[in-house]
Amino acid sequence: MTARRYDVIVVGGGHNGLVAAAYLARAGRRVLVLERRSMVGGAAVTEEIFPGFKFSVFSYVVSLLRPEIIRELDLPRHGLQILPLESTVTPLDNGDYLASWADPDETRRELCRHSPRDAEAMAVFGRLMQHMAMAVKPILGMVPPDPGSLAPSDLAGLLRFGRHMRGLGPDRFHALFKLMTMSSADYLDEWFECGPLKATKSASGIIGTFLGPRSPGTAYVLLHHYMGEIDGAFRAWGFQKGGTGAISDAIAGAARALGAEIRTDAAVERVLVRSGRVTGVALVSGEEVAAPVVISGLDPRLTFTQLVDPDELPADLVEGVRRFKFRGSSAKVNLALAGLPEFTCLPGPGPHLRGAFSISPSVEYLERAYDDAKYGDFSRQPYMDIVIPSMIDPGMAPPGRHVMSIFVQYAPYARTGGWTDAARDALGDAAVQTLARYAPNLPSLVLHRQVLTPLDIERITGLSEGNIFQGELALHQLFFLRPVPAWAKYRTPIEGYWQCGAGTHPGGGIMGASGRLAAYELLGSSAR
Amino acid sequence: MNDRHDVIVIGAGANGLAAAATLGRAGLAVIVLEQSGAVGGLQRTVEFAPGFHATPTAADDGWLPPAMARDLGLGVPVRTIPDIPLTVALAPGDVLPLARESRAAAEAIRRHSARDAATWPAFTAQLHKLAGFLAVLYQRPAPDIATTGLRDLASLLRVALGLRALGRADMAEFLRIVPMSVRELLDDRFECEALKAAVAAGAVRDLRQGPRSGGTGFVLLHYLVGAAPGSVRDRGYCRDGPETCVAALDALARRNGVTIRTDTAVSRILVRDDAVTGVALASGAEVSAPRVLSTADPAATFLGLVDPVWLDPELLHAVRNIKFRGAAAVVLYALDSLPQRGGLPAASLAGVVTLTPQLDALERAADAAKYGNVSEHPHVEISAPSIRWPAVAPPGKHVVVARVQYAPHCLKDGNGWDGARREALADRVSHLIDTAVPGFLDRVLHRAMFTPADFEARYGVTEGALTHGELTLDQVLFMRPIPGLAHYATPLTGLYLGGAGTHPGPGVMGGGGWLAARRLLQDGTGP
């Protein structure tokens, strides 16, 4: 046992763990964060994979980071600097494209070119989405009440939730209900006629899920991705200077400034429990660190079945965790490029290279990509979201050279035949070849290529089945059902053992809300 | 036709008859107008070949809400539950019978998986319990947190307490299952493919979606409301014949003084100053009344019968966006005799026999519909009503009904359901049955095919949707038929909706009509 005593140990230095640590340190707790890898960040890391080429290896864009966290932890002072991703271009098979630009008027004119009716509808749609995002925001900031409990705090929470819903008024409540239950394609069909527009928008409804654009439940994920803070834009995403790892570093910096201690290369083997109570953690190295409180920032499977002995837990909780769906469905291809790709639809350099490219020519294209995955293989023509970070932040690549980040879906974790080296290469080839249909010079520019299958994501980050949200954002895994009924309030049945990862409400994306809510819940419980 | 009526009810299906009976009992002068030659709507049987009768929609006998029966003093028809409500045809000569008696079912399942056999009894018991909570919701207007006035909060609270009364674990399971895909639900519990595919098929019934779609958990529960414990398919059948339920409702309505006119098609609902004044008939005649209760589906009512000038554009937009998506077809077979070989016991055909023993096969059949195509290998379920009711066929002969999915109403190639396509599908279905039940084809005397296009033409259901609107989560409970209109009244004074397109929806005999009539009475029937 080390001499120094801690009040709280946070297992896992992902962004939620770091946020929780910062808030606890801010409240005067002596906090130790233990991170298995040699850098903090979890799936939000920047690494120099090839000499001179830096990559946001996994998560690569940000828009969901809660503004109160940025404010309360003073993250800009610690290096947070979000550069806007200004455009999205969807190349089409007929050589044309559909784009949205930073300037709303320009976007409107562009959409008019494809469908004047949709340009009209977009204004109304954008307003509705803003209202919906505002309707959901209070819920994201709410500790989920337990509908099965009779405790006064739960009843009060349910009442508050019910009042909030009623307060929306029938129109917004019903609109929200539709968003929560419909498929993104059906939902968008009610609004728009332009195929590529519907496809590109519905693509954000499938990210990280094992669902197609016509699967009910995807409209919510679409909204989830609409909740960026840069209001009004067609797609409000940003890029952190220095890569997403710099966000983690900023949060870690804030936590350290508030007094938290962070140790990397410190893999936790298990959480120590005596008589139903946490006493500390044991590291893989054999070292033991004592603390009366341990918070796991890992996903529910690891939190409940690896860090502790499931026998310590009620059987229904263990069964609930077993049923919790991960089903990682996305892969990442990171390219080091000798120069800039030349898109047939928009030749030459231009502002479009500073934005995103969405390979989503039609809803049917996405749906067929999903069909491949349903039957156990990766999509031969996948949905892809592509950015060239070095165009926005030149420090990411050597002068004149570039890095390209390709998010690829679908790549099922449970691929029939497994993820062999050959399969991984084939996935990388499919991604590059699919993009080459729209940017023919791409293959000749590739200097290095990193392909990360869901299995690789699991191996490197620990995320079970490579699920980027620590568990699917499906309706039956949200709010008081996330991760399991009765244990959605960050507590666990083991006294002193808590959870704060994205596998808890509200989860998903670089949001930090789970970490913050868990910290407050913990602080509130010890105050009582 | 010039008599004064207090209420005109459009449609003499179960909902129209239940509405009329309710209104007649309250002393109102009610006339029911039915376009076809007889009452019964989707439940009606037809003579599809000389001496052979069946229901072209392949509707089961549905569930008669006990609260409605009590309220109306309706004698509940005696039901017979097949010993084996559901059987999976695995290969010629090999079946998995899922008996209602759970020990017998477990015994059959054990041959495939001991683990599944152990899980089965608790699983069916849980489904029965959760469907029981839906039954509570289905005997009252849908609770709507957003539109409920403070006065009605007590009723909302009662529903919430009913949910909690399930107990902590089952309540959580209800909330989890409803939005889930039936595939996930089954994968969590079972390993036997045939078992999973059989249960899943009930959850995609009349849906243009496959078992991986969210919300199919709800559909599974929906069609199990009123089902016998242990059964995972259908609600059993009326002992006295296929039309017992509608006949009982018909008799009750007439006893309550209701006039029922068949062969009387309504062409328009007449409106003046935002209030209905009656209806115009296809014959050109007019029937006047200050109230009209339509049991036609919401699109047929609002887009087909009402002049759009009287309707708000937002309402029209919402109605146009209702997903109907008829995707089921039915083939009726007149058989010389039931095949003896093939290992399919007659006891199985008294219930439902599914010919799809793999989940992926079901999913692939659904994939076709997603792209606007007819399934190459459709999911087929067969049943022989002549075993239950020998009178539907000449002595010694039999009727086999095949439900087929997916046969989408809206086809991508734009050719529609022409004769060649209908026959091609019917041939494929016949071949599939003959493969599972060798000798079947040799015994077929006659067959009749009904596609969604036929359902649309015959019953007036939009897009051939027998559901009057797909049972997706955004179209059930307080969202049915459209948000804001879930409580049967419409923006037009005197116009009410009460068909299967309203809560509680398809398969509930008379539920929507009964609740709509009660709403009408509650609103008052003064001038």
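The values are calculated or read from the model by the stated rules, or taken from the named source; none is laboratory data. Everything numeric here is computed off the predicted structure, so don't read it as measured data. Methodologically, a virtual Cβ is constructed for each residue, glycine included, from the backbone with ideal geometry; neighbour enumeration extends over all protein chains shown. Surface accessibility is based on the protein's heavy atoms, side chains included, excluding ligands, DNA and RNA. Shrake-Rupley method; radii C 1.70, N 1.55, O 1.52, S 1.80 Å.
Residues that are among the small types (Gly, Ala, Ser) and open to solvent by less than 10 Å² (accessible area, probe 1.4 Å): find the strands (runs of 3 or more DSSP E) completely inside region B:204-317 holding 1 or more of those.
Values: elements: B:259-261, B:266-272, B:275-281, B:286-288, B:291-294.
Strands (runs of 3 or more DSSP E) meeting the threshold: B:275-281, B:291-294.
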Review point. Pick from region A:155-194 the residues that are open to solvent by 20 Å² or more (accessible area, probe 1.4 Å) and in contact (Cβ under 8 Å) with a residue 60 or more places away in the chain: which of them is farthest from the other protein chains (Cβ to nearest Cβ)?
Key: A:193
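In the set B:20, B:26, which member is assigned by TED's automatic domain parsing to the domain that holds residue B:498 and within 24 Å of the chain's Cα centre (by Cα)?
Details: B:26 fails: within 24 Å of the chain's Cα centre (by Cα).
Just one listed residue meets the conditions, B:20.
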Exercise for review: Could you check, for region B:49-62, whether at least one of its residues is open to solvent by 40 Å² or more (accessible area, probe 1.4 Å) and at pLDDT 95 or above?
Suggested key: yes
Study note, to complete from the structure: Of (1) out of contact with any Lys or Arg (no Cβ under 8 Å at 6 or more places or on another chain); (2) buried (at least 24 other Cβ atoms within 10 Å of the Cβ), residue B:417 fails just (2)
Point to revise | Leading residue by the ranking (nearest to residue B:510 (Cα to Cα)) among those in region B:463-487 that are in a helix (DSSP H, G or I) and open to solvent by 30 Å² or more (accessible area, probe 1.4 Å) | key: B:477
Point to revise | Set A:515, A:501, A:508: member being assigned to a loop (DSSP other than H, G, I, E, B), outside the structural domain of residue A:143 (by TED's automatic domain parsing) and at pLDDT 95 or above | key: A:501
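Checking the structure you have, find out if any residue of region A:307-325 is over 21 Å from residue A:484 (Cβ atoms) and at pLDDT 95 or above.
no
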**Study point:** Tally of residues being hydrophobic (A, V, I, L, M, F, W, C), open to solvent by 10 Å² or more (accessible area, probe 1.4 Å) and in a loop (DSSP other than H, G, I, E, B) across region A:470-498
**Key:** 4
Check your understanding: So, of the residues in region B:160-178 that are open to solvent by less than 20 Å² (accessible area, probe 1.4 Å) and closer than 16 Å to residue B:477 by Cβ, which turns out to be nearest to the other protein chains (Cβ to nearest Cβ)?
Key -> B:177
**Study point:** Sole exception among (1) more than 22 Å from residue A:57 (Cα to Cα); (2) part of a strand (DSSP E or B); (3) among the polar types (S, T, N, Q) for residue A:334, by number
**Key:** (1)
Exercise for review: Could you grab me the full set of residues in region A:337-375 that are hydroxyl-bearing (Ser, Thr, Tyr) and assigned to a helix (DSSP H, G or I)?
Suggested key: A:365, A:370
Check your understanding: So which of A:427, A:313 ends up being open to solvent by 10 Å² or more (accessible area, probe 1.4 Å) and in contact (Cβ under 8 Å) with a residue 40 or more places away in the chain?
Key -> A:313
Check your understanding: How many residues does region A:486-504 hold that are under 24 Å from residue A:247 (Cβ atoms) and either within 14 Å of another protein chain (Cβ to nearest Cβ) or in contact with a Cys (Cβ under 9 Å, 6 or more places away or on another chain) (or both)?
Key -> 1
Revision key, fill the gap. Across (1) away from chain B (no Cβ under 14 Å); (2) surrounded by 18 or more Cβ atoms within 10 Å (Cβ to Cβ), residue A:112 clears everything bar (2)
Check your understanding: Can you spot a residue in region B:275-292 that is among the small types (Gly, Ala, Ser) and touching a helix residue (DSSP H, G or I) at 6+ places or on another chain (Cβ under 8 Å)?
Key -> no
Point to revise | Scan of region B:418-454 for residues that are touching a residue at least 60 places away in the same chain (Cβ under 8 Å), in contact with an Asp or Glu (Cβ under 9 Å, 6 or more places away or on another chain) and not charged (D, E, K, R), ordered by number | key: B:440, B:444, B:445, B:449, B:452
Check your understanding: residue B:326 passes all but one of (1) over 30 Å from residue B:5 (Cβ atoms); (2) away from chain A (no Cβ under 14 Å); (3) part of a helix (DSSP H, G or I); which number fails?
Key -> (3)
Exercise for review: Read through the list (1) free of Cβ contacts under 8 Å to residues at least 40 places away in the same chain; (2) of a type in the set (S, T, N, Q); (3) under 20 Å from residue B:53 (Cα atoms), then give the number of the only condition that residue B:415 fails.
Suggested key: (3)
Check your understanding: What number of residues in region B:497-527 are open to solvent by 10 Å² or more (accessible area, probe 1.4 Å) and hydroxyl-bearing (Ser, Thr, Tyr)?
Key -> 1
